[in-house]
There are 2 protein chains.
Amino acid sequence: MSDPTAAEGVRQRNLARLLRLVHLEGPLSRARLTESTGLNRSTIADLVAELVREGLVVERAPDPSRRVGRPSPVVAADARVMAIAANPEVDALTIAAVGLDRGIPVRERIELDRLLSPDETARLIAERVEAWRAGELADAHIVGVGLAVPGLVRAADGLVRNAPHLRWADAPVRDLVAEATGLPTVVGNDATLGAIAEHLFGAAAGFDDVVYLNGGASGIGGGLIVHGQPLLGAGGYTGEFGQNRPGIASATDRRADDGVLEDEVSRARLLAAVGLHAADEPALAAAVSAAGPTAAEEVARQRRILSTALANAVNALNPSIVVLGGFLATIAAVDVPGLATMVQEQTMSATSEQLLIRVASLAEDRLLIGAAEAAFAELLRDPGGAARS
Amino acid sequence: MSDPTAAEGVRQRNLARLLRLVHLEGPLSRARLTESTGLNRSTIADLVAELVREGLVVERAPDPSRRVGRPSPVVAADARVMAIAANPEVDALTIAAVGLDRGIPVRERIELDRLLSPDETARLIAERVEAWRAGELADAHIVGVGLAVPGLVRAADGLVRNAPHLRWADAPVRDLVAEATGLPTVVGNDATLGAIAEHLFGAAAGFDDVVYLNGGASGIGGGLIVHGQPLLGAGGYTGEFGQNRPGIASATDRRADDGVLEDEVSRARLLAAVGLHAADEPALAAAVSAAGPTAAEEVARQRRILSTALANAVNALNPSIVVLGGFLATIAAVDVPGLATMVQEQTMSATSEQLLIRVASLAEDRLLIGAAEAAFAELLRDPGGAARS
DNA sequence: ACCGGTTTGAAGCCCCGCGCAACAAATCTC
DNA sequence: GAGATTTGTTGCGCGGGGCTTCAAACCGGT
């Protein structure tokens, strides 16, 4: 049996447009949906009815709008449609349920005193999902699981090639979690998923070409958005800016011999400079802003090297915005316009004259939102397909 | 009047698919078109008939195929549909007509002893077009002009922001040429258009994620293909790898203080090392391969620095292939696997294990083909639109 | 409170574009 | 030359979105 009709593709795309709109922009009246899509009133009514039948959106009474004319019912993503988001890290495993309405009804952070294997991680996630299904999420429709993993993830099959801090190598995490939970699962690099979240709901909202760099305890990772979509590259390993070798103008700025970016610009060096052994991000930020001249010089050194790395990325990719997260946000926040100036001095003027540099705006939810988004991706691409299956 | 029907979009896309297929892959039988598109025989017949009516393709008698079954007529892009491609350079202005069938019926290289202004360039192009229209291209249908400019080109409006070697700055080249010729005109960066040509017809054919670097007399430029499409970035200024500052492990390898890639890796330094003042690319290649130890050391030095720049790009973009053109091809060709190994040593293993490094395969036609492709882009996006207007 | 103006939902109809089935045509093999 | 095979051709059906008409629900002014 071939396709009933290729025009099915039109229906699919229109359903996807609507679902994506209410997912990304929140509840919208049917009238506003006709506006944004350019589709006919009657068509919108039909499409919305189908999405309601499939349990993906709900229609509720019109909001009082104090405008003339017949009020238009409001269409909202069904909060009961959910994705499970998980983020395995060195010291904890965070699991949450994220609604299609972007709500996070449940979240749990499991503190760990040792590293978990991929199997153990999958079992813990499955356990949580089962418990939630019997309790808080009894009436939920869980569409899938998204994992944000700190390491290289092969896009094609969700194989974790190398996650050094978790000591995972060539682990078929997608399949393990899918089997344990019985849910379709997607696995992504944490920085890439963070970039997606910042692009959709954070500091990079509204920008189609984004370079996102995150500074974590373990190194520097990044994610790229081009043409409004995540750039995965041939294998799925884009954005590994931490492994880049930027030029270092002054030999006195060099700390590591033939070092990569994350050897020179690192949270550990920053902590050492402010005289701390461990600190969370706000504490580090406070220490940096209150620091003496020695620490200030280390911050300045890291900013110089970072600026070259950013300039290299800007020359190559000409993004409209660069978003910095983690400790990179901390050293950038000291003087964001100053950092922008340093970057501009190392790029062609046309490339960077419109360039924005911002610190990330989403808090620790970023990875969970990005992971959930990845889990929702298939549903948002083909809303009918999920219902059909 | 709004859209007659939004399903027009389906028709448009299907027409575009067919036209793009015969344009990119050459003449194809209707049977093969039904195969590749998945559309119905009857639909293909209808679509092809429309393209024939619009004068974009021609149908000819079936090729003898020595296969059973009724022979299928062959559909080919109409050679009379043409784009004018032009490439202003320091020493010459090259103008050609490129057919939708990828033929180049006429080409002219106008040698120059001085730099031309944008106005003069536009006038020369218009002059050629007019002459050709009265002669060789009497029965041609010229759909537009594409310019490959060595400099920064704003994608939105074809304004040449800065082409240092031509001494053009903020020149509205697209509008100048469009007005002089009366033809729709697109302007692009030469390296970006070269990347498009290599992607469609050259060394990168079949790869969806391409990093292309070209070494010219004036510097190093690049073009990026991601998801099979050119990456233009926010302003259109992607691929300026020549302005990047790669790390230089050994201080003795450094020649320029705080120099950018094209200060360290340059055609001029290469010429000096082999003891030549000027040479075209084949002559330089011959000199390099026949050179003594001093020259070999300069080649090796440039290769080391180039490998770091490439590794930075590979870490960030995870391309499936890196294509090198111009003198970069020359220094790479000395030992391509060796260069690949050097790049791999500076990238994460997963990122580069599948990575291909190749030298560009298209000759001097590359820029003309890329420019023509840009001029054809609108037609290939909406075949009906061009006929309607 | 009522009435016109305005906006939008609801229902029926039309048309576009593609798929499908049946038939005809052109080729190969034996 | 007959059967098999492949593909063009033709007519018909159907899905899906647009359009038109009518009704419903809101506003404001008198």
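The values are calculated or read from the model by the stated rules, or taken from the named source; none is laboratory data. Here the structure is a predicted model, which is why all the values come from computation and not from measurement. Here the Cβ positions follow ideal geometry from the backbone for every residue, glycine too, while neighbour counts run over all protein chains shown.
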Of the conditions (1) within 12 Å of DNA strand C (Cβ to nearest atom); (2) of a type outside the set (Gly, Ala, Ser); (3) not in a helix (DSSP H, G or I), the single one that A:LEU47 does not satisfy is (3)
A:LEU379 vs. criteria at pLDDT 85 or above and either under 30 Å from B:ALA163 (Cβ atoms) or not in a helix (DSSP H, G or I) (or both): no
Screening A:ARG123, A:ARG161, A:ARG109 for residues that are away from DNA strand C (no atom under 16 Å from the Cβ), outside any loop (DSSP other than H, G, I, E, B) and within 30 Å of B:PRO319 (Cα to Cα) leaves only A:ARG161
Counted residues in the stretch B:229-268 being surrounded by 17 or more Cβ atoms within 10 Å (Cβ to Cβ), away from chain A (no Cβ under 14 Å) and outside any loop (DSSP other than H, G, I, E, B) come to 1
Taking the stretch B:12-35 and the residues there that are among the polar types (S, T, N, Q) and within 14 Å of chain A (Cβ to nearest Cβ), the one that is nearest to DNA strand C (Cβ to nearest atom) would be B:ASN14
Checked the stretch B:333-389 for anything without any contact (Cβ under 8 Å) to a residue 40 or more places away in the chain and within 30 Å of B:ALA49 (Cβ to Cβ); matches are B:ARG388, B:SER389
The condition of being touching a helix residue (DSSP H, G or I) at 6+ places or on another chain (Cβ under 9 Å) and under 21 Å from A:ALA195 (Cβ atoms) holds, among A:GLU89, A:GLU130, only for A:GLU89
Is it the case that some residue within the stretch A:60-74 is surrounded by 14 or more Cβ atoms within 10 Å (Cβ to Cβ) and more than 12 Å from DNA strand C (Cβ to nearest atom)?
no
In this structure, does A:GLY222 turn out to be in a strand (DSSP E or B) and within 17 Å of the chain's Cα centre (by Cα)? yes
Considering residues that are buried (at least 23 other Cβ atoms within 10 Å of the Cβ) and in a helix (DSSP H, G or I), the number found within the stretch A:311-364 is 15
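Okay, residues lined up against (1) modelled with pLDDT under 95; (2) away from chain B (no Cβ under 13 Å):
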{"residue": "A:HIS277", "(1), (2)": "yes, yes"}
{"residue": "A:THR294", "(1), (2)": "yes, yes"}
{"residue": "A:VAL299", "(1), (2)": "no, yes"}
{"residue": "A:THR308", "(1), (2)": "no, no"}
{"residue": "A:VAL323", "(1), (2)": "no, yes"}
{"residue": "A:LEU355", "(1), (2)": "no, no"}
{"residue": "A:SER389", "(1), (2)": "yes, yes"}
All-but-one check, B:ARG128 against (1) within 16 Å of DNA strand D (Cβ to nearest atom); (2) modelled with pLDDT of 95 or more, failing number (1)
*Would the stretch A:73-80 turn up any residue that is small (Gly, Ala, Ser), more than 16 Å from DNA strand D (Cβ to nearest atom), within 23 Å of A:THR181 (Cα to Cα) and touching a residue at least 60 places away in the same chain (Cβ under 8 Å)?*
no
Is it the case that some residue within the stretch B:210-224 is under 27 Å from A:GLY236 (Cβ atoms), out of contact with any strand residue (DSSP E or B) (no Cβ under 7 Å at 6 or more places or on another chain), modelled with pLDDT of 95 or more and not polar (S, T, N, Q)? no
Suppose the filter is surrounded by 20 or more Cβ atoms within 10 Å (Cβ to Cβ) and among the β-branched types (Val, Ile, Thr); does B:ILE95 pass it?
yes
Here the residues within the stretch A:187-214 that are surrounded by fewer than 24 Cβ atoms within 10 Å (Cβ to Cβ), within 13 Å of another protein chain (Cβ to nearest Cβ) and either assigned to a strand (DSSP E or B) or not acidic (Asp, Glu) (or both) are A:GLY206, A:PHE207
Of (1) within 14 Å of chain B (Cβ to nearest Cβ); (2) touching a helix residue (DSSP H, G or I) at 6+ places or on another chain (Cβ under 8 Å), A:ASP170 fails just (2)
Of those in the stretch B:40-72 that are away from chain A (no Cβ under 14 Å) and among the acidic types (Asp, Glu), the residue nearest to DNA strand D (Cβ to nearest atom) is B:GLU59
Of the residues in the stretch B:117-167, those that are farther than 16 Å from B:ALA83 by Cβ, of a type in the set (Gly, Ala, Ser) and more than 14 Å from chain A (Cβ to nearest Cβ) come to B:SER117, B:ALA122, B:ALA131, B:ALA134, B:GLY135, B:ALA138
